[in-house]
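Trainee: Mind having a look at this structure? Questions to follow.
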Amino acid sequence: MTLNVLYFAWLRERIGLSSEAVDTDAETVADLVNELREREDRYDLAFSDMASVRVAVDQELTSLDASLAGAREVAFFPPMTGG
Amino acid sequence: MQVRVQSEPFEPGEVLSGFARERTDQGAVVTFTGVVRNVADGLSIMEIEHYPGMTERAITGIVETAMERWSLGDATVIHRYGRLKAGEVIMMVATCAPHRGDAFAAAEFLMDYLKSRAPFWKKEVTASGETWVEAKDEDEDALGRWSTSDQV
């Protein structure tokens with residue numbers, strides 16, 4: 001499947017992209033993160049502290065163990081600071 | 001219900017005077033306005049990034065939860081993104097209800113959830129550099145007081 005993967009805030013800056021199309025067979029968000037980390041150092045660094053990374057699948061906040069079945073868009077970002 | 005995510009400035013007084021104007025059954029109107037604060041070493045700019053699409057969706061979900069939980073006549077949330085200077089209005093929450101208890105509680109609930117569940121990220125830009133604002137544990141803890149059966 002092809003996922004639209006988005007990065008925000010310091011994840012965007014560290015990876016150097018705001019979005020990209022990723023061809024993957026990852027079953028969960030955690031699998032996708034592992035695939036990305038193996039690609040290049042900048043991904044490995046950006047995802048080195050997963051306690052400070054949040055994820056949304058198809059614009060719904062979820063957890064790392066979430067399934068990617070049927071997913072189209074996955075976004076990674078730091079804890080939110082609205083208000 | 002109104003949810004607006006925009007880069008343009010807005011005038012809180014105008015929002016307030018238009019809010020719940022046609023409603024004669026609402027005895028209480030509560031508003032909160034968030035303003036960019038100057039920091040010790042002189043904040044020059046606050047950059048606010050967001051996730052277009054998810055932002056509107058997340059805020060709408062939070063407002064819907066508030067409308068179900070409290071007896072509200074109406075609620076409005078306006079949140080800006082982009083580059084803001086100290087003193088500029090970032091966001092505003094308005095609630096109205098027949099009585100003040102519901103209006104106050106719902107406004108606080110909305111603020112607590114917007115802080116850590118709406119996809120915005122703030123970066124402070126000063127003469128000494130740029131820093132992403134870190135989420136505070138107390139903001140996450142603040143959600144605890146609303147936990148019953150509702151989850152946003």
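No value in this document is a laboratory result; all are computed from the given coordinates. Please read these numbers as outputs of a predicted model, since none were measured by experiment. No Cβ is skipped: glycine too gets one built from the backbone with ideal geometry, and neighbour counts run over all protein chains shown.
Trainee: Using 1/(1 + (r/R0)^6) with R0 = 35 angstrom and r between the beta carbons of residue B:44 and residue B:140, what's the FRET efficiency to the nearest 0.05?
Mentor: In this case the efficiency is close to 0.80.
Trainee: Step by step: find N for segment B:18-152, compute 2.2 N^0.38 Å, then divide the Cα radius of gyration by it. What's the final number?
Mentor: Numbers: Rg = 16.1 Å, N = 135, 2.2 N^0.38 = 14.2 Å.
Scaled against compact globular proteins, the figure is 1.13.
Trainee: Right, next: Can you work out D for segment B:1-89 in µm² s⁻¹ from Stokes-Einstein, where Rh is the Kirkwood radius over C-alpha pairs, the temperature is 25 °C and the viscosity is 0.890 mPa s?
Mentor: 165 µm²/s
Trainee: Once you have the Cα-Cα distance between residue B:37 and residue B:127, take 0.36 nm times their residue separation minus that, and quote the gain in nm to one decimal.
Mentor: 30.8 nm
Trainee: Taking each residue of A:29-40 in turn, how many C-beta atoms of other protein chains fall within 10 Å of its C-beta, and what is the average?
Mentor: If you average over the peptide's residues, the count of other-chain Cβ atoms is 0.
Trainee: Rounded to whole Å and sorted largest first, what semi-axes of the equivalent ellipsoid does the C-alpha gyration tensor of the protein assembly as shown yield via the square root of 5 times each eigenvalue?
Mentor: Equivalent ellipsoid semi-axes, largest first: 34, 22, 15 Å.
Trainee: At 7 Å along Cα-to-Cβ for each site, give me the label-to-label distance between residue A:44 and residue B:11 in nm.
Mentor: 5.7 nm
Trainee: Scan chain B and report its longest stretch carrying no trypsin sites (Lys or Arg not before Pro) that are both in a DSSP loop and have at most 14 other Cβ atoms within 10 Å.
Mentor: B:86-135
Trainee: Could you list log10 I(q)/I(0) for segment B:5-48 at q = 0.15 Å⁻¹, which the Debye formula gives when each Cα is one point scatterer?
Mentor: Once normalised to I(0) and log-transformed, intensities are -0.59.
Trainee: Have a look at B:99, A:62, B:24 and report the one farthest towards the positive end of the charge dipole of the protein assembly as shown, computed about the Cα centre with Cβ charges (Lys/Arg +1, Asp/Glu -1).
Mentor: B:24
Trainee: Which angle between 0 and 90 degrees, to the nearest 10, do you get for helix B:100-117 versus the longest principal axis of chain B when only C-alpha atoms count?
Mentor: Helix B:100-117 sits roughly 40 degrees off the main axis of chain B.
Trainee: Taking Cα atoms, how many degrees apart are the long axis of helix B:54-69 and the longest axis of chain B, rounded to 10 and kept between 0 and 90?
Mentor: Roughly 30 degrees between the two axes.
Trainee: Starting from a Cα-only point model with no solvent, please compute log10 I(q)/I(0) by Debye for segment B:105-152 at q = 0.22 1/Å.
Mentor: Once normalised to I(0) and log-transformed, intensities are -0.81.
Trainee: Counting only DSSP beta bridges with both residues in the protein assembly as shown, what percent are antiparallel, rounded to the nearest 5?
Mentor: The answer is about 80 percent antiparallel.
Trainee: May I ask you to derive the relative contact order of chain B, considering only C-alpha pairs under 8 Å and at least 6 residues apart, and to give it as an integer percent?
Mentor: Relative contact order for chain B comes out at 32 percent.
Trainee: With charges set only on the Cβ (+1 for Lys and Arg, -1 for Asp and Glu), what does the dipole of segment A:2-77 come to about its Cα centre, in debye to the nearest 20? Could you put the intermediate results ahead of the total?
Mentor: Values: 7 positive and 16 negative charges, 66 e Å.
With Lys and Arg at +1 and Asp and Glu at -1, about 320 debye.
Trainee: Of all DSSP beta bridges located in segment A:2-77, what percent are antiparallel, nearest 5?
Mentor: 75 percent
Trainee: If you bin every alpha carbon distance in chain A into 10 Å steps from zero, what whole percent lands in each bin?
Mentor: 18, 60, 21, 1
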